[in-house]
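J.: Below is a structure I'd like to ask you about.
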Amino acid sequence: MTLRAGFIGYGFMGKAHANALARLPMFFPDVPAVERHMLCGRNEERVEAAADRFGFTHTTDDWETLVESVDVVYNLGPNGLHADPSIAALERDVHVLCEKPLASTLEDAERMVEAARDSDAVAACAFNYRYVPALRLAKDLIDRGALGDVRHVRGSYLGDWQADADHPWTWRNDADLAGYGQVADVGSHTIDLVRWLVGGIDDVSGRLATQVEERPAPDGDGTRPVTTDDAYVATVSFESGAIGVLEGSSVATGHKASNTVEVIGSDGAIRFDLERLNELEVHDADGRGYERILVTDEDDPYGDRWWPAGHAIGWEHTVVHENYEFCRAIAGDGGDVVPFSEAFEVLRIVDALVESDARGERRSLHVDD
């Protein structure tokens, strides 16, 4: 089986997924071969240049042409472009890996879930941090009860990529294109991780802020208004009875990609920071503090695919692992992917946080409340 893949978008995530597909044959040869067949974007010259770098054989400026030409669609465009191409692909039983958040609105996300339900294709959302070996070890510890009853959860994703008020405006600063701001951009990663590790969320209370209200236009002509949040904080209650605190920002001076999660239980705790992604800190009931574990052994998650113990992997490898699981799912060989239905639940929590901030009240996640 050789799958023809088509990418919508060629920016950061386009490069990441193209790199992942290039790595698969060498390190994960037990999944179907994937041909980088077609790359789609609006600027012909830039698309052609990206196709040469990323190893694509065809280009187009029309996503409908792409959907009709491939076996797998990687939807890597702005959030507002997630729904229609993904739905069109699924209606043709073309597999879809869509970047997070699932959509720019809850209504579009619901349409995507319905299309996935009616399709014979695999529909997955790209939450790549589920595929960090240290976090997979953390989940195993939690699932085995090594932490006892989970009591408290902390999650944050802090970055400084827009801390400078002179950083140019991007589509992520436009509510019409992005739908949500950092509460969905980095917040959806945190929400997905804590739900995956700990379980469902009952209710939320959120506070959003826009610290920089206008930014220089990317073409240098004046400024443009920022209509999305650039920071959020939240408190959450889990179905298990645990409570938690979440936060995220793109204007957090001094932080590059501080994606952290801490789960505290009655018998132990774990702590993780993406900036030290090969490490997991573990505390058990007999210890006096956290012990640093290097998660690079052969019997650690994905450890047998890469380098000898102690030879660290990097961020890009999480996307390789994600693509490995996605391709396994397409081949009918299991595959641990995030289905659209779970990505919808993440977006429902994002939307509840936005509503909580707007109304100044706690929001329940129960449909009947």
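The values are calculated or read from the model by the stated rules, or taken from the named source; none is laboratory data. The structure presented is a predicted model; accordingly, all values stated were derived computationally and were not measured. Reconstructed Cβ throughout: ideal geometry from the backbone, glycine too, with neighbour counts over all protein chains shown. Accessible surface areas use protein heavy atoms only, side chains included; no ligands, DNA or RNA. Shrake-Rupley method; radii C 1.70, N 1.55, O 1.52, S 1.80 Å.
J.: As an exercise: evaluate Trp161 against (1) open to solvent by 30 Å² or more (accessible area, probe 1.4 Å); (2) farther than 24 Å from Glu322 by Cβ and give the number of the one condition it does not meet.
T.: Result: Trp161 passes all but (2).
J.: Something else: Confirm whether Asp229 is among the acidic types (Asp, Glu) and surrounded by 23 or more Cβ atoms within 10 Å (Cβ to Cβ). Give the derivation first.
T.: Details: among the acidic types (Asp, Glu): yes; surrounded by 23 or more Cβ atoms within 10 Å (Cβ to Cβ): yes.
So Asp229 fits the description; yes.
J.: Thr170: open to solvent by 30 Å² or more (accessible area, probe 1.4 Å), touching a residue at least 40 places away in the same chain (Cβ under 8 Å) and of a type in the set (Val, Ile, Thr), yes or no?
T.: So Thr170 passes the test.
J.: Still on this model: Consider the range 232-249. How many of its residues are among the β-branched types (Val, Ile, Thr), under 25 Å from Ser104 (Cβ atoms) and open to solvent by 20 Å² or more (accessible area, probe 1.4 Å)?
T.: Step one: of the range 232-249, the residues among the β-branched types (Val, Ile, Thr) are 233, 235-236, 243, 245.
Next cut, under 25 Å from Ser104 (Cβ atoms) only: 233, 236.
Now narrow it down to the ones that are open to solvent by 20 Å² or more (accessible area, probe 1.4 Å): 233.
Final tally of qualifying residues: 1.
J.: I need every pair where a residue in the range 345-369 that is closer than 19 Å to Asp230 by Cβ and open to solvent by less than 50 Å² (accessible area, probe 1.4 Å) has its Cβ under 6 Å from the Cβ of a residue that is among the aromatic types (Phe, Trp, Tyr) and at pLDDT 95 or above, sequence separation at least 6 or different chains.
T.: Short answer, once both residue conditions are applied: Val350/Tyr180.
J.: Go over the candidates Gly334, Gly254 one by one and state the one that is open to solvent by 60 Å² or more (accessible area, probe 1.4 Å), at positive phi and in a loop (DSSP other than H, G, I, E, B). Steps first, answer last, please.
T.: On the way: Gly334 fails: open to solvent by 60 Å² or more (accessible area, probe 1.4 Å).
Selected residue: Gly254, the only one of Gly334, Gly254 that is open to solvent by 60 Å² or more (accessible area, probe 1.4 Å), at positive phi and in a loop (DSSP other than H, G, I, E, B).
J.: Identify, please: which residue in the range 302-327 is surrounded by 15 or more Cβ atoms within 10 Å (Cβ to Cβ) and in contact with an Asp or Glu (Cβ under 8 Å, 6 or more places away or on another chain) and is, among those, nearest to Asp273 (Cα to Cα)?
T.: My answer is Gly303.
J.: Every residue in the range 68-115 that is in contact (Cβ under 8 Å) with a residue 24 or more places away in the chain, among the acidic types (Asp, Glu) and on the phi < 0 side of the Ramachandran plot, please. Step through it out loud before you land on a result.
T.: Residues of the range 68-115 in contact (Cβ under 8 Å) with a residue 24 or more places away in the chain: 68-83, 85-106, 108-113, 115.
Subsequent filtering for residues that are among the acidic types (Asp, Glu) retains 68, 71, 91, 93, 99, 108, 110.
Matches in the range 68-115: Glu68, Asp71, Glu91, Glu99, Asp108, Glu110.
J.: Filter the range 183-216 for residues that are open to solvent by less than 10 Å² (accessible area, probe 1.4 Å) and farther than 24 Å from Glu239 by Cβ and give the result.
T.: Answer for the range 183-216, where residues must be open to solvent by less than 10 Å² (accessible area, probe 1.4 Å) and farther than 24 Å from Glu239 by Cβ: just Arg215.
J.: Determine which single condition Arg292 fails, assuming it passes every other condition in (1) open to solvent by 50 Å² or more (accessible area, probe 1.4 Å); (2) part of a loop (DSSP other than H, G, I, E, B); (3) not aliphatic (A, V, I, L, M).
T.: For Arg292, the exception is condition (2).
J.: I would also like to ask the following. I'm trying to understand the selection: among the residues of the range 93-121, which are open to solvent by less than 20 Å² (accessible area, probe 1.4 Å) and not aliphatic (A, V, I, L, M)?
T.: Cys98, Glu99, Pro101, Ser104, Ser119
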